[in-house]
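Everything on this sheet refers to the single structure shown next.
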Amino acid sequence: MLEDALIRYLHFVGIIGLAAALVAEHLLLAPRLSGPQLRRLTRIDGLYGISALLVLGAGLTLWLGVGKPAAFYNLNGLFHLKVTLFVLLALLSIYPTLFFLKHRNSQADEVAIPKVIIMLIRTELLLLLVIPLLAVLMAKGVGLS
C-alpha cells in the first residue's frame, strides 16, 4: 500500500513538473531570443523531458505493477485515449527540443524562433489540460467496456 502511494506521488510530482516546465517555456518564448534566454529555455526543456520520463515511468508502474489490476486500464477506452494524447504530447515536443538544443550555443545576438514552435508548445498545453480530465473520469470507471 505504501509502494502504491509513493508511485502515485511520483506520478503527480512528474505531472506538476511537466506542467510547470511547459508553462515556463511558453512564458519565455518570444519571436527572437538572445543566447542566454535560449540556454535558459533549453534547461527548462530538459526539466520538461525529465518530468515526462517520471510521468511515463510512474504511469507504467501503476498500470503494470502496483495499484489497480492491469485489466482495469486495458479495458478502458479513456485510458487508451489518455495514453495516446500523452504520446502525442511527447511527439509534439521533439521539434522544439531539437531546435533549442541546436541553437543553445549560438553566437548570434538573437535567434529567430519559428512560429511553429510557439504553436506546438501551445498545442502541448492544450493537450495537458485534457489528459487530467481523462484521468479523473477513468478513475471513476467512466470508459470501461
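The values are calculated or read from the model by the stated rules, or taken from the named source; none is laboratory data. These figures come from a predicted structure and were not determined experimentally. Cβ coordinates were reconstructed from backbone atoms using ideal geometry, including for glycine residues, and neighbour counts include every protein chain displayed.
Computed quantities for the displayed model
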item	result
Residue ID - nearest to the chain's Cα centre (by Cα), chosen from residues in the stretch 44-78 that are surrounded by fewer than 19 Cβ atoms within 10 Å (Cβ to Cβ) and among the polar types (S, T, N, Q)	Thr61
First in the stretch 19-44 and in contact (Cβ under 8 Å) with a residue 24 or more places away in the chain and within 11 Å of Ala112 (Cα to Cα), second anywhere and among the aliphatic types (A, V, I, L, M) and part of a helix (DSSP H, G or I), Cβ under 7 Å, 6 or more apart	Leu29/Ile118; Leu29/Ile121; Leu33/Leu41
Test: residue in the stretch 64-78 that is at pLDDT 90 or above, under 23 Å from Ile15 (Cβ atoms) and among the aromatic types (Phe, Trp, Tyr)	no
Hits in the stretch 49-96 - residues which are in a loop (DSSP other than H, G, I, E, B) and either touching a Ser or Thr at 6+ places or on another chain (Cβ under 7 Å) or hydroxyl-bearing (Ser, Thr, Tyr) (or both)	Leu75, Ser93
Search result, residues across the stretch 13-34 that are surrounded by 14 or more Cβ atoms within 10 Å (Cβ to Cβ) and of a type outside the set (A, V, I, L, M)	Gly14, Gly17, Glu25, Ser34
Condition check for Glu110: under 17 Å from Gly14 (Cβ atoms), among the acidic types (Asp, Glu), surrounded by 13 or more Cβ atoms within 10 Å (Cβ to Cβ) and in contact (Cβ under 8 Å) with a residue 24 or more places away in the chain	no
Qualifying residue in the stretch 14-30 (condition: within 16 Å of Leu127 (Cα to Cα), of a type in the set (Asp, Glu), assigned to a helix (DSSP H, G or I) and in contact with a Phe, Trp or Tyr (Cβ under 9 Å, 6 or more places away or on another chain))	yes
